[in-house]
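The values are calculated or read from the model by the stated rules, or taken from the named source; none is laboratory data. Treat the numbers as computed from the prediction; the structure is a model and nothing was measured. We place every Cβ from the backbone using ideal geometry, glycine too, and count neighbours over all the protein chains shown. Side chains included, ligands, DNA and RNA excluded: accessible areas come from the protein's heavy atoms. Shrake-Rupley method; radii C 1.70, N 1.55, O 1.52, S 1.80 Å.
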Amino acid sequence: MVFRSGNKKIDIASGLFKRSKKGDKGKFTALLNSIGYRGDTNQAWKDYLSL
Amino acid sequence: MPVCECSVTLKNSGTLGCMPIQDVARRLIIVPIYDSSNALNRIDTSSIPTNTQILALINNSDDKARFYPLPLMENVTNERADPIIQSFPSGKNIKVRDGEKTFTGQLLLLGADYAGQIEGYGCAEVGAYIVDAQGNLIGDKSVTGYLSPIRIDKATWDVRTVDTKDQEVAYIQLGFQWKSSVKDSDIGMLMYSDFASDVDWLDYNGLIDLYGTSSAASTTGFTMKVTTLFGSVANPKVVTNLDSTDFEIYNENTASTVTISTMTEDPAGTYAFTFTAQTAGNICQLRIASTTNGYDDTNLRSVDVTL
């Protein structure tokens with residue numbers, strides 16, 4: 001799933017992170033932060049898991 | 001002069017009320033005469049290619065079977081010179097042979113970078129389909145059942161750049177002669193209406209060569225700046241906005257594809273990949289996925305990334 005921030009973009013493979021795995025949400029959020037993502041990271045996490 | 005058959009009978013001379021005739025040429029589709037198995041590249045008129053099949057021809061991994069659409073052209077001329085005549089004292093002029101047919105056209109707003117891409121076409125046995133302003137595809141119909149690329153006399157292939165002037169844009173002047181074996185009566189066309197409605201020969205673009213510079217390689221990832229030949233020598237134009245599905249990472253040691261976990265594009269044209277840990281010292285290639293059209297990744301693949 002692709003997330004964008006300005007000209008930056010991150011594409012995270014589906015299934016890489018799981019709801020049930022401890023720490024995955026933090027890793028996911030860290031990836032979004034690495035591109036300066038300004039959207040709602042909780043919503044992004046939900047969107048990612050719903051794939 | 002042309003060899004006449006002794007048993008020739010005159011062909012009938014009627015015309016239809018509306019005779020389809022080709023419009024001004026707008027584009028050339030350069031095609032090698034033979035593919036890598038020495039088979040002729042040509043269109044079987046009993047099986048008109050679909051848009052998908054045309055895209056497959058343009059993206060063909062066999063570069064000797066590939067179609068190479070050139071950009072749209074202006075100021076096109078495609079004229080046969082006056083025949084060679086021998087004159088006799090009686091005043092009789094006998095035609096010795098047809099004049100050569102010469103094609104010229106201008107590729108606008110293009111310069112030396114692009115000229116370098118196409119000047120080598122004059123070193124190979126190639127032909128061309130002409131796409132006219134209506135989208136008709138013009139070729140050589142001399143072999144029944146096929147529309148073949150019109151053969152080009154490769155020794156006459158001439159590419160030259162014309163630089164920007166105070167009141168004129170830069171362009172590439174392309175010129176060549178068709179092979180003298182191609183007669184005017186050999187030329188035929190597939191009309192735009194012969195193709196499916198989603199086919200527009202005026203719209204197709206040729207492939208773009210990709211190059212890469214790798215950095216930050218580790219066992220779990222690497223970064224690749226994906227560039228083209230165009231633009232600044234120091235900072236060539238990059239290729240932006242590709243998705244992870246446009247790429248494949250291939251581990252040459254394990255001879256297998258590595259699944260991309262994440263791909264970050266930052267800055268534009270620079271892609272950082274992560275994947276599950278590979279063995280240190282393994283060599284990976286970044287490739288363009290076979291399902292992604294528009295790019296030739298031959299040079300990109302040649303960048304060995306040592307993890």
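For the protein assembly as shown, with all protein chains present and a 1.4 Å probe, just round the carbon and sulfur fraction of the accessible area to a whole percent. Write down the numbers at each step before the final one.
On the way: 9860 of 19950 Å².
After summing per-atom areas, the C and S share lands at 49 percent.
Under the combined filter of DSSP loop state and at most 14 neighbouring Cβ atoms within 10 Å, the stretch B:22-107 retains these trypsin sites (Lys or Arg not before Pro): B:LYS92.
A 1.4 Å probe run over the protein assembly as shown, with the rest of the protein chains in place, finds 56 Å² accessible per residue.
Could you tell me which of the pairs B:LYS11/B:LYS154; B:LYS11/B:LYS101; B:LYS95/B:LYS154; A:LYS22/B:LYS225 are separated by over 31 angstrom between their Cα atoms in the structure shown?
Working: B:LYS11/B:LYS154 34 Å; B:LYS11/B:LYS101 25 Å; B:LYS95/B:LYS154 26 Å; A:LYS22/B:LYS225 34 Å.
Listed pairs above 31 Å: B:LYS11/B:LYS154; A:LYS22/B:LYS225.
So, counting K/R as plus one and D/E as minus one, what does the shell of residues with Cβ under 11 Å around B:LYS179 add up to? Present the calculation step by step, with values, prior to reporting the outcome.
Details: positive: B:LYS101, B:ARG151, B:LYS154, B:LYS183; negative: B:GLU100, B:GLU125, B:ASP140, B:ASP153, B:ASP186.
It works out to a net charge of -1.
With the simple model of a label 7 Å out from the Cα in the direction of the Cβ, B:GLU125 to B:ASP62 spans 1.5 nm. Taking the DSSP beta bridges with both ends in chain B, the antiparallel portion is around 95 percent. For chain B, the residue among B:LEU40, B:MET191, B:TYR295 whose Cα projects farthest onto the positive side of the dipole built from Cβ charges is B:LEU40.
Listed by chain and number, the lysines whose C-alpha is less than 23 Å from the C-alpha of A:LYS27, apart from same-chain residues fewer than 8 away, are A:LYS8, A:LYS9, A:LYS18, A:LYS46.
Take every Cα pair under 8 Å whose residues are at least 6 apart in sequence, average their separation, divide by the length of the stretch B:47-205, and the relative contact order is 24 percent.
Mind listing, in residue-number order, the residues in the stretch A:1-27 that have at least 50 Å² less accessible area with every protein chain present than in their own chain alone (1.4 Å probe)? SASA drop of 50 Å² or more in the stretch A:1-27: A:LYS9, A:ASP11.
Which whole-number percentage describes the relative contact order of chain B, with Cα contacts under 8 Å and a sequence gap of 6 or more?
On the way: 649 pairs, mean separation 47.6, N = 307.
Result for chain B is 16 percent.
Of all aspartates and glutamates in the structure, those lying under 13 Å Cα to Cα from B:LYS141, and not within fewer than 8 positions of it along the same chain, are B:ASP44, B:ASP184, B:ASP186.
The alpha carbon gyration tensor of the stretch B:54-186 gives principal lengths a ≥ b ≥ c with a/c of 1.5 or higher and a/b no greater than b/c, which makes the shape oblate.
With an 8 Å cut-off on Cα pairs and a minimum separation of 6 or more residues, tell me the relative contact order of the stretch B:54-97 in percent.
Values: 28 pairs, mean separation 9.5, N = 44.
For the stretch B:54-97, the relative contact order is 22 percent.
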